Every structure is written in C-alpha cells, then in structure tokens.
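Here's the structure, in structure tokens; my notes come after.
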C-alpha cells in the first residue's frame, strides 16, 4: 500500500515538473516581429535611452494606455504631459481650497479666543478639543458598550471646550459693558479739561479695573506702535462684540474725522448705557430662579437616563431593541426637552 502511494506521488511530481518546464519555456520565448527579431513588451527607443524624462514618458504612455491608437512618439509624449498637467492642476486647486478653509477656521477661532481673552493658539485649542472628544468616545464605549454612545460621547467631549469658550466670552462681555459707562465718563472729563484722546485712554488703562482696562491698554500699545487711534479702536471693536461699545467707538471715530463736541455726546451715550445695563441687571435678577429651574428640568431627564443605563442595562436596552417605537420615544423626549428650553428662553428675553 505504501509503495503504491509512493509510486503515485513520484509520478505526479514528475508530471508537475514537466508542466512547469513547458510553461517557463513558453514564457521565455520572445515575440516575433514582422522582421523576425524579438521585441520586448515595453521597450524604450534607443534615441531616448540617454534622456530619463522622455524615457519615463514613453514608458508611461505604453503602460497606462493613454494613446488611442498607434501614432508618433511625440503625440504619445504630449498626451502624457497633458494628463500629468491636468492632474497637477486638480491637486493644486484642491490644496488651495483646503488651505483657504484652514485659514478661515483658524481666523474665526483666533477671534473667538481673543473675545474670551484666552491666551491659546488655535492649534492648541483644536488639540484640546480632539483629546476631549477621544476621551468622551472611550468613556461611552467602556461604560455603555455601544457604538452609538461612543459617538455621543465624542460629540459631547468635543463640544465642551466651545461651550466653555462661549460662556467665558459672554461673561467677559457683560463685565465690560458694566464698566463701559465709567470709561466714557472718564473720556468725557479728560476731553472737557483740555486733554487729548491718548491721555484719556491712558487714564482708563490706569484707573479702571479689568477687563476694560486691558482692552484700552491694548489700544494704547497699538497707538504707540504706529497705528492711528481709529485703527486701534477698530481692532478693539473686533475683539469685543458689544453694541454699546460699537456705538461709542463709532462716535469717537466720527469726532476724529469731522470734529464736534465729543465730550457732551459721550456723556449722553454713557447715561443711556448705564440705564440700559441697570435694567438688564434687574431683569436677570428677577428671572434667575426661572432660568435655573429651566436648566435643571432640561438636564435632569438626560442625566437620569445616562445613570440608569449602566445600572439596569437590560431594561434601558428596550429603547434600542424594540425597533421603531423605542427610537420614536427617544426622539420625542429630546424634542420636548428642547422645545421647553426654547419657550422659556423666549419668555425671559426682553429687548431693550
């Protein structure tokens, strides 16, 4: 039995070697040209052997099949050049659009950071955002063990830095608006005493607290570096998104161009700003409890849902395993919570 199997194995081995030899012999046979000589499949013409660029283009034209039919070598080379030029143009256009998008995002983020008075570079801020998004995705995947929660965790982690940025920007703007009336009264007093605008800015930078002093100190530094007062104030308008400050800066810029009794006008503007800020503070105090109740009622259902999920996973998974009714219930919960928040915010908003 063993001898028979050995003989059969040797026979199949010999047959395999014979077939391999025949196939290799056929592959090594050159193709015959009409002149009886062998021609390689991709052969570089002898005239181009000393020119690497032309040789590469000739090989590319044969390998990529760019030509539509047999033709002179110059036509094939021109087709390769045209194809490469078109691809380079497309890549350059895509690179230009990506660069413009990056510059726009960086410029907007740098402006937001300046409005919040955060000494961060946009790349550092984006790195923090990506890190928190990755941490949120890891927490969602480890605690809840669902890919959907990993996505929600990544979105929540990535949104936290921007929520903090928005909150700090609003707080700083409100503090600056509270101090703006005092700054305008100080400018009006210096101008009435015969001082210049630069002297008034110096007084604000020294006597008033932050953040109004910091902003006018930046204006003073820019003036000393060679900028005009109009340009320096325009830069401050870009850093501080306040309607009251924009009105005061516009009045100062008009006075720098056409002249006039700026001190009296600034006193009227300061009085109006002070009354408006006082009324806004009263409204905020009266609606503080309602705003806090709205925030608690909006966050409480989501918080309880996230806490109950790891504690009773089998019960909470019915939202996902019951099909369309479960998803419809989740969507209805989120819709009602958001609608309640919008209604309460609209009721407490007072236009002054």
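The values are calculated or read from the model by the stated rules, or taken from the named source; none is laboratory data. Bear in mind that the values here come from a model prediction, so they are computed numbers and not experimental data. Reconstructed Cβ throughout: ideal geometry from the backbone, glycine too, with neighbour counts over all protein chains shown.
What the table shows:
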item	result
Test result for residue 206, over 31 Å from the mean Cα position of the chain (by Cα), assigned by TED's automatic domain parsing to the domain that holds residue 273 and over 21 Å from residue 267 (Cα atoms)	no
Residue in the stretch 320-346 that is nearest to residue 143 (Cα to Cα), counting only those that are part of a helix (DSSP H, G or I) and over 33 Å from the mean Cα position of the chain (by Cα)	321
So residue 194, is it outside any helix (DSSP H, G or I) and either surrounded by fewer than 18 Cβ atoms within 10 Å (Cβ to Cβ) or not assigned by TED's automatic domain parsing to the domain that holds residue 319 (or both)	yes
Candidates 106, 129 - the one that is touching a residue at least 24 places away in the same chain (Cβ under 8 Å) and either outside the structural domain of residue 215 (by TED's automatic domain parsing) or surrounded by fewer than 17 Cβ atoms within 10 Å (Cβ to Cβ) (or both)	129
Some residue of the stretch 174-181 being closer than 30 Å to residue 270 by Cβ, under 27 Å from the mean Cα position of the chain (by Cα) and in the same structural domain as residue 277 (by TED's automatic domain parsing)	yes
Subset tally (residues that are over 26 Å from residue 313 (Cα atoms), without any contact (Cβ under 8 Å) to a residue 24 or more places away in the chain and crowded, with 17+ Cβ neighbours inside 10 Å) for the stretch 132-187	1
3 or more residues under 30 Å from residue 337 (Cβ atoms): qualifying helices (runs of 4 or more DSSP H) within the stretch 229-297	262-286
Residue that is assigned to a helix (DSSP H, G or I) and more than 30 Å from residue 211 (Cα to Cα), where the choices are 94, 128, 163	94
